[in-house]
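Presented below is the structure to which this report refers.
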Amino acid sequence: MNIADRLEQLRVQVDAYLAGVYQGSVPQRTLYEAMSYSLVAGGKRVRPILTMLFAEAAGGDADQALELGCGVEMLHTYSLIHDDLPCMDDDELRRGKSTNHVVFGEANAVLAGDALQAAAFETILSAPYSAEVRAAAALELARGVGADGMCAGQVLDTEGEGNSLSLEQLRLIHAKKTGALLECACVIGAIAGGATEMQISAARTYAAQVGLAFQIRDDLLDHISTTDALGKPVGSDDSNQKTTYYTLLGVDGCETQIHVCTETAKRAVRAAYADSELLCAVADWLAGRMN
């Protein structure tokens, strides 16, 4: 099986798992529908795929890590629902579909996000691993997305709107807003696979560099792509008066930094894992994406 087929196989596994949750007739049917609407809206499934690949690279079973990865994806989906709300980025399109609050109303969108955050921890704490592994994974996620992680990045990003930020300030925002959850995905997979401390450290370096490259590419695409290609509005950074990597570095500077970050990520995993081919392939795929 080639690399592209393997990544597609993992994506299909994730999609199938997520499509099977929050179905059925329950009194709170609207909540289930809102949760499922965003969960199955598609996407690259980068985070759960990385969880599964790091588990495998560390000597574990990728299939066994599926639920851990899907827990991370539920957390990611909650963050997208809330990020799109009128009080945040006020977006009406996500992955080519109307955003959650447009379809279900703001109150249901907030509650769907809240419920998915709880579901993320429930899924991880129910995964087929020892109590020690499940606890370590849940702790990693809690630390990565709370007041010192993803939520901190969102606050800093909101406070930065309309202000001129330095490159260092921008990196701090996105290390937390984007990089922290990617780090959770990679490290949780490594923990599940029985990784050494050196391998966990390499997973953190990989995630930080891939996350930075991912955000730089996002900023660049917001200026050079189209709404049809991205499946979400372009030009929102300008309308929100945000400093971005594009405004600070320009097209060539962004491309250079994406390359540097990607190569740094690949060196980290090559030095720590006997087989890092798929991890390197994911880094290259994300670096070159056009949507």
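The values are calculated or read from the model by the stated rules, or taken from the named source; none is laboratory data. Given the structure is predicted, the values throughout are model-derived calculations rather than measurements. Here the Cβ positions follow ideal geometry from the backbone for every residue, glycine too, while neighbour counts run over all protein chains shown. Areas reflect the complete protein model, heavy atoms only, side chains present, ligands, DNA and RNA absent. Shrake-Rupley method; radii C 1.70, N 1.55, O 1.52, S 1.80 Å.
Of the residues making up the range 76-135, those that are among the polar types (S, T, N, Q) and over 23 Å from residue 66 (Cα atoms) are 98, 99, 100, 108.
Can you tell me which residue in the range 242-291 is farthest from residue 170 (Cα to Cα), limited to those that are open to solvent by 70 Å² or more (accessible area, probe 1.4 Å) and of a type in the set (S, T, N, Q)? Once the filter is applied, the top-ranked residue is 291. Applying the selection to the range 182-198, what residues are surrounded by 24 or more Cβ atoms within 10 Å (Cβ to Cβ) and not small (Gly, Ala, Ser)? Matches in the range 182-198: 182, 183, 184, 186, 187, 188, 191. Yes or no: the range 46-69 includes at least one residue that is hydroxyl-bearing (Ser, Thr, Tyr) and open to solvent by less than 30 Å² (accessible area, probe 1.4 Å). For the range 46-69, residues hydroxyl-bearing (Ser, Thr, Tyr) and open to solvent by less than 30 Å² (accessible area, probe 1.4 Å): present.
When we screen 78, 22 for residues that are on the phi > 0 side of the Ramachandran plot and either open to solvent by 30 Å² or more (accessible area, probe 1.4 Å) or in a helix (DSSP H, G or I) (or both), the only hit is 22.
For residue 41, indicate whether it is buried (at least 21 other Cβ atoms within 10 Å of the Cβ) and either modelled with pLDDT of 95 or more or of a type in the set (A, V, I, L, M, F, W, C) (or both). Criteria not met by residue 41.
Condition check for residue 290 on (1) closer than 17 Å to residue 218 by Cβ; (2) modelled with pLDDT of 95 or more; (3) touching a Ser or Thr at 6+ places or on another chain (Cβ under 8 Å): one failure, at (2). On the stretch given as the range 130-173, residues that are in a loop (DSSP other than H, G, I, E, B) and surrounded by 12 or more Cβ atoms within 10 Å (Cβ to Cβ) total 5.
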